[in-house]
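I have placed the structure first, in the form of structure tokens, so that the comments after it can refer back to it.
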Amino acid sequence: MNLVTNNKWIGQRTIRPDGMDKVTGRAQFAADTTMPGMIWGKVLRSPHPHARIRSIDTSKAEKLPGVKAVVTSKDIVDFPIEKGAVMLGIQDMRWMCRNVMARDKALFPGHPVAAVAATTEAIAEEACKLIEVDYEVLPWSIEIDDALKPDAPILHEFNKFDGKPSNIVGRLEHKKGDIEQGFKQADIVIERTFTTRPVHQGYIEPHACLISVAPDGKTTIWSSSQGQFMVRAMTAYLTGIPQSDIRAIPAEIGGGFGGKTIVYLEPLATLLAKKSGRPVKMVMTREEVMRATGPTSGSKSTVKVGATKDGRIVAAHGTFYLQAGAFPGSPIRGAAGCSFTPYDIPNLLSEGYDVCSNRSKVAAYRAPGAPIGAYAVECVLDEVAEALKMDPLDFRLKNAAREGTKAAHGPVFPRIGYVETVEAAKSSPHYAAPLGDGNGKLRGRGTASGFWFNAGGESSAQVNITEDGNVVVTTGHPDIGGSRAGIANICAELLGIDYRRVSVIIGDTQTVGFSNLTGGSRVLFASSMVVTQSTEKIIQTLRERAAKIWEIDPEAVKWENGAAHPASPNAGQFEPLTLEELAEKAPAMGGPIGAGVQLNTQGADGGFGTHVCDVEVDVDLGIARVIRYTAVQDVGRAIHPGYVEGQLQGGVAQGIGWALNEEYIYTKEGKVDNPGFLDYRMPVCSDLPMIDCIMVEIPNPKHPQGVKGVGEVPLVPVMAAVANAIYDALGKRFYALPMSPPKVVEMLEAPTRQAAE
Amino acid sequence: MTELRYLAPDTLDEAVGAFAKAGSAARILAGGTDLLVQMRSGVLKPGVIVDIKRIPELTAIEQTADGGFRIGAAVSGMALAEHETFGKVWPGVLEAVNLIGSKQVQGRASAGGNLCNGSPAGDSVPAMVAAGAIVTVQGPNGRREMKVEDVPAGPGRTNLKPGEILVSFTLPPRPPGSSDAYLRMIPRTEMDIAVVGCGVSLTMKDGTVTAARVGLGAVAPTVLLVEDAAKALIGSKLDDAALAKAASACSAACRPIDDKRGTIAYRIKVAGVLLKRTAAIAAQRATQKN
Ligand SMILES: Cc1cc2nc3c(=O)[nH]c(=O)nc-3n(C[C@H](O)[C@H](O)[C@H](O)COP(=O)(O)OP(=O)(O)OC[C@H]3O[C@@H](n4cnc5c(N)ncnc54)[C@H](O)[C@@H]3O)c2cc1C
């Protein structure tokens, strides 16, 4: 692998292509689209956490003037449970068809039971009220402990665990060595149990779509998602319309963080549009987003770590229970698979349990499951290091996974950058700086590490040279993290032209080849592979064209600085032929210049990060604030450093919210009590310090530019880093999130702490 | 679908007439930063909206003959901040009003709306209570005055009679050595709602408190005037014992609820903590001026 180091555009903070549109309000988000004759769709949602639906009578709603169509679960394609899984990515269509519209049972407050399209939003809302649903209200449970009680109401009666009906709908384990033997070697063993609350991705743009179904069945979807192909496939499955008839056009996206990797509205709007013959627009309210779309899991984790006196971890055991919500599918893979991965632990058992309960179905959230697991593991490691009187970073270094370490989830690591992240954290100005005087407030410092798998998968790209010699690149992934800017840098670098001459757009499902959704930190990794190969094909064509004009061998032509040159004086004396000149001559020289490549990309390397966090606690009010934060990460190669830092800072901001204030609060009736941004407290700008980033670049040898995914790792260590810092400040440990002011005060006033082992 | 009529009269008499005539279907619109939010979320569906921002008396800030201030009920936070002297005399009231929302919200939101919205957590209300503000209201039966603390009746309710409009707040003249302060506890740094709010107004002479008033928000169904806390401060030099006594009086006055914003125990504790901190700021301001 020859890594080019004197790059012109790779590694530059080029101007982002979507910036101007976004700051001037020109960007078209899903809710900005309109069509002549458009009508409005609204969803009737279950008020109950758990209820059997005996019958639904829509006749009154249908008679209301202005109502054009009503749909219920009868209109949605059924995927019978007994016929087995029908997977689309990580989603089972059996659960998806029941999540977009309740069938026999409503499983959470907010679960759709019917949808109406009418000439105005107000009429559609009014019509929803006229739908009569006969519910048999059932007992319910939301919290993991409640859902696991022997007499807990069972959400899915068909599901058995240990031979009995159960809300445990899945289990996985990763195993290495023998933990029983391992713990016997330990001089010190610490075991702790932690809980976290469900938290929402908190994207600012609510789910929205506009859908038109023509009389011939041709369907057009404008919607905001992390994958237009996912939207097309799920809509096809749930409505029965073939994929070839559905054109899903990705709108500019106002945040997703994993939460827009599944559909809620599109199948309903499609069916309403088909029934009514009119384009149907649906836009969720914030309240609907908070009640009915996927937050991530609440959790209960128990982590036990054993180490020898000299600081070697000899055994570890993690048990992670994650709330799946109404249907199976919590991110236990991330929790059980990532949490111990930064460490070389000879004896390890990591188990994940998927638990259904009566709240909305989880959706992916940035490194799904990994932050939950890392929170528990990294807090216990902090305690072990303290008990061993070791610096927490030295303790991590001593146990760090390196090239050749076998991870419990399978792979033997190639060259990885974990050690470098710890070393960079250790030698950072932040770690060396004194904490300073809090002026009456208590200060503390904490550290934590984290890992995320990262992903490759299917990507398609088409690169075309325009008639005037510029470049248009079409890729298939909604850009939520800077992929357009990164692709422009790479393409400009390869072609040797100014990045402003490369225009990168996201194609719709009928104009670009299949591309898997934007998730798993895969997009720049995968799409730069197909763009690189496409561009290399184009360069080959350009060399052949120049060779033809010069009447020399193509091998005697080199491509440099945006033009064809004779490879050496031996090849002949010719003036360079620029991209513009070759584009102009294209019609006569064999036709348009362009190339497309489609691949199932392989070779994504996992990512590691190590964070340092300083907090200041106002002990009388219980307010903990992060006053300094440094995120160190092995980013492979920072194609666009500004965007990479943005990813790191964004992940940290979300983690600080998760650690300190964000949580779903439920009423006694089992409904979300804080379904809005006033009482669901994500951090605002003034809550956060400037987040410092240290990018460690250990290039991925299996990628043409050395790219590793960077978008998810930065959320993984945060809650543990904050919790460890608060411990350092207060001398008391929290075993539950969020560490919100009332809880901090309660902890400080409590006489006892969780008993040491 | 229900129709919505929007009226924007130029005089108070017209406004009172229209408001009274429309009865319970009508709502007064000042900045709209509560009203429009409530309408959008479907909590309220008024048939008539009476916008009071065109009425000169409701948007005026005047210095009264005795040296006090009269602030129109619909004066926005930004307009109050831009007044030349108000913030020097009543820094606590001003900081409370200016804490409401963001810059954008400040361009609209009024102290009148904050009070009439009836939220026990309204930020300007404890500061107004501490300031000893008197409100003027006008209704079909003419004008009357009320103490500001008598306006709220409970969450979302006021003691204004049908058809009555809040006209202005009158703040008394300030003896030398006086100042005030307002602090609120919120989990975030801004864009949040008070879990506890505390306003303190003090007059000091030679280091001793000669007059004091304390207002507490978000700890009971209505904003409270805490006379016991004021008594503990008056005559003291704000020594630890006096502050502790005033803090306990605040904690004792609390009748909070456990809700998504805070627990009973937490609010009771914080009320005392804020009293101490707010009194210290007010005292510092009061003595600085001498
Ligand atoms: C983003 C945001 C942030 C906010 N942050 C805060 C905050 O930090 N602290 C806080 O306390 N509040 C906050 N609020 C709430 C709101 O801004 C305040 O309560 C504000 O003071 C209301 O004033 P207004 O002029 O906009 O009132 P309006 O919305 O116009 O009126 C509020 C209510 O009072 C009635 N009313 C108004 N004026 C009169 C009158 N003269 N006579 C009789 N009735 C009247 C109205 O009919 C309505 O019922 C926030 C609101 C938003 C949208």
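Tell me, which helices (runs of 4 or more DSSP H) wholly within region B:39-103 include 3 or more residues that are within 13 Å of the ligand (Cβ to nearest atom)?
B:77-82, B:91-98
Among A:K160, A:K129, which is the only one that is exposed (fewer than 14 other Cβ atoms within 10 Å of the Cβ), among the basic types (K, R) and either touching a Lys or Arg at 6+ places or on another chain (Cβ under 9 Å) or more than 30 Å from A:P279 (Cβ to Cβ) (or both)?
None of the other options fit; the residue is A:K160.
State all residues of region A:99-120 that are within 14 Å of another protein chain (Cβ to nearest Cβ) and surrounded by 24 or more Cβ atoms within 10 Å (Cβ to Cβ); if no residue qualifies, say none.
Passing the criteria: only A:A118.
State which residue pairs qualify: first residue on the phi > 0 side of the Ramachandran plot and inside region A:698-724, second residue of a type outside the set (F, W, Y) in any location, beta carbons under 6 Å apart, and separation of 6 or more residues or different chains.
These pairs meet every condition: A:G706/A:L3; A:G706/A:G636; A:G706/A:R637; A:G706/A:P699; A:G706/A:N700.
Taking only pairs six or more apart or across chains, which ones have beta-carbon atoms under 6 Å, a first residue in region B:91-104 that is within 14 Å of chain A (Cβ to nearest Cβ), and a second residue that is near the ligand (Cβ under 8 Å from one of its atoms)?
Pairs found: B:L99/B:D123; B:I100/B:G77; B:I100/B:A109; B:I100/B:D123; B:G101/B:A109.
Restricting attention to region B:104-116, which residues are part of a loop (DSSP other than H, G, I, E, B) and surrounded by fewer than 23 Cβ atoms within 10 Å (Cβ to Cβ)?
Selection gives B:G107, B:R108.
Give the residue that is farthest from A:P742 (Cα to Cα), with candidates limited to residues of region B:241-263 that are out of contact with any strand residue (DSSP E or B) (no Cβ under 9 Å at 6 or more places or on another chain), within 14 Å of chain A (Cβ to nearest Cβ) and modelled with pLDDT of 95 or more.
The qualifying residue farthest from A:P742 (Cα to Cα) is B:L243.
Just need a number here: residues in region B:158-215 that are within 14 Å of chain A (Cβ to nearest Cβ) and either in a loop (DSSP other than H, G, I, E, B) or hydroxyl-bearing (S, T, Y) (or both).
Of the residues in region B:158-215, the ones within 14 Å of chain A (Cβ to nearest Cβ) are B:183-198.
Cutting the leftovers down to either in a loop (DSSP other than H, G, I, E, B) or hydroxyl-bearing (S, T, Y) (or both) gives us B:186-195.
Result for region B:158-215: 10.
Give the residues of region B:161-189 that are closer than 16 Å to B:V223 by Cβ, within 10 Å of the ligand (Cβ to nearest atom) and not assigned by TED's automatic domain parsing to the domain that holds B:E57, sorted by residue number.
B:R184
For A:P738, indicate whether it is within 16 Å of A:V652 (Cβ to Cβ), in a loop (DSSP other than H, G, I, E, B) and in the same structural domain as A:V619 (by TED's automatic domain parsing).
Yes: the conditions hold for A:P738.
As an exercise: evaluate A:P592 against (1) farther than 21 Å from A:R733 by Cβ; (2) assigned by TED's automatic domain parsing to the domain that holds A:Q649; (3) not aliphatic (A, V, I, L, M) and give the number of the one condition it does not meet.
That leaves (2) as the condition not met.
Within region A:132-141, which residues are in a loop (DSSP other than H, G, I, E, B) and either within 14 Å of chain B (Cβ to nearest Cβ) or crowded, with 17+ Cβ neighbours inside 10 Å (or both)?
Residues satisfying the conditions are A:L138, A:W140, A:S141.
Restricting attention to region B:10-38, which residues are more than 10 Å from the ligand (Cβ to nearest atom), aliphatic (A, V, I, L, M) and in a loop (DSSP other than H, G, I, E, B)?
Hits for region B:10-38: nothing passes.
Could you list, in sequence order, all residues of region B:122-153 that are of a type outside the set (A, V, I, L, M, F, W, C), within 15 Å of the chain's Cα centre (by Cα) and within 14 Å of the ligand (Cβ to nearest atom)?
If the condition is that a residue be of a type outside the set (A, V, I, L, M, F, W, C), within 15 Å of the chain's Cα centre (by Cα) and within 14 Å of the ligand (Cβ to nearest atom), then B:G122, B:D123, B:S124, B:P126, B:T136, B:P152 are the ones that fit.
For the subset of region B:19-37 comprising residues that are of a type outside the set (S, T, Y) and surrounded by fewer than 17 Cβ atoms within 10 Å (Cβ to Cβ), which member is farthest from A:P675 (Cα to Cα)?
Residues of region B:19-37 that are of a type outside the set (S, T, Y), as a first pass: B:19-23, B:25-32, B:34-37.
Filter once more, keeping what is surrounded by fewer than 17 Cβ atoms within 10 Å (Cβ to Cβ): B:21, B:23, B:25, B:36-37.
On the way: B:K21: 37, B:G23: 32, B:A25: 28, B:L36: 18, B:V37: 15 Å.
By that ranking, first place goes to B:K21.
Condition (residue is without any contact (Cβ under 8 Å) to a residue 12 or more places away in the chain, away from the ligand (no atom under 16 Å from the Cβ) and either among the hydroxyl-bearing types (S, T, Y) or under 28 Å from B:T158 (Cβ atoms) (or both)) applied to region B:248-258: is it met by at least one residue? Working first, answer last.
Residues of region B:248-258 without any contact (Cβ under 8 Å) to a residue 12 or more places away in the chain: B:257-258.
Next, only the ones that are away from the ligand (no atom under 16 Å from the Cβ) stay: B:257-258.
Keeping just the survivors that are either among the hydroxyl-bearing types (S, T, Y) or under 28 Å from B:T158 (Cβ atoms) (or both) gives B:257-258.
Looking through region B:248-258, at least one residue is without any contact (Cβ under 8 Å) to a residue 12 or more places away in the chain, away from the ligand (no atom under 16 Å from the Cβ) and either among the hydroxyl-bearing types (S, T, Y) or under 28 Å from B:T158 (Cβ atoms) (or both).
Does A:A624 meet the test of being crowded, with 19+ Cβ neighbours inside 10 Å and within 14 Å of chain B (Cβ to nearest Cβ)?
Here the answer is yes, as A:A624 does meet what is asked.
For every residue, the table says whether it meets (1) outside the structural domain of A:P714 (by TED's automatic domain parsing); (2) buried (at least 24 other Cβ atoms within 10 Å of the Cβ).
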{"position": "A:A376", "(1), (2)": "no, yes"}
{"position": "A:E403", "(1), (2)": "no, no"}
{"position": "A:R443", "(1), (2)": "no, no"}
{"position": "A:S449", "(1), (2)": "no, yes"}
{"position": "A:N470", "(1), (2)": "yes, no"}
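Would you confirm, using the coordinates I've provided, whether B:R174 is touching a Ser or Thr at 6+ places or on another chain (Cβ under 9 Å), under 21 Å from B:D51 (Cα atoms) and among the charged types (D, E, K, R)?
no
Pick from region A:557-572 the residues that are exposed (fewer than 15 other Cβ atoms within 10 Å of the Cβ) and modelled with pLDDT under 95: which of them is nearest to A:R396 (Cα to Cα)? Break it down stepwise before answering.
Residues of region A:557-572 exposed (fewer than 15 other Cβ atoms within 10 Å of the Cβ): A:560-561, A:568-570, A:572.
Then drop every residue that is not modelled with pLDDT under 95, which leaves A:568-570, A:572.
Working: A:S568: 53, A:P569: 57, A:N570: 58, A:G572: 60 Å.
So the residue we want is A:S568.
Pairs, please: C-beta under 9 Å, at least 6 apart or cross-chain, first residue on the phi > 0 side of the Ramachandran plot and in region A:123-148, second at pLDDT below 95 and not in a loop (DSSP other than H, G, I, E, B)?
none
Take the conditions within 15 Å of the ligand (Cβ to nearest atom), in the same structural domain as B:V93 (by TED's automatic domain parsing) and either within 20 Å of B:Q106 (Cα to Cα) or of a type in the set (A, V, I, L, M) (or both) and apply them to B:L216. Does it pass?
Details: within 15 Å of the ligand (Cβ to nearest atom): yes; in the same structural domain as B:V93 (by TED's automatic domain parsing): no; either within 20 Å of B:Q106 (Cα to Cα) or of a type in the set (A, V, I, L, M) (or both): yes.
No.
The values are calculated or read from the model by the stated rules, or taken from the named source; none is laboratory data. Predicted, not measured: the structure shown is a model, and the values here were computed from it. Quick reminder, even Gly has a Cβ in these numbers, built from the backbone with ideal geometry, and neighbours come from all protein chains shown.
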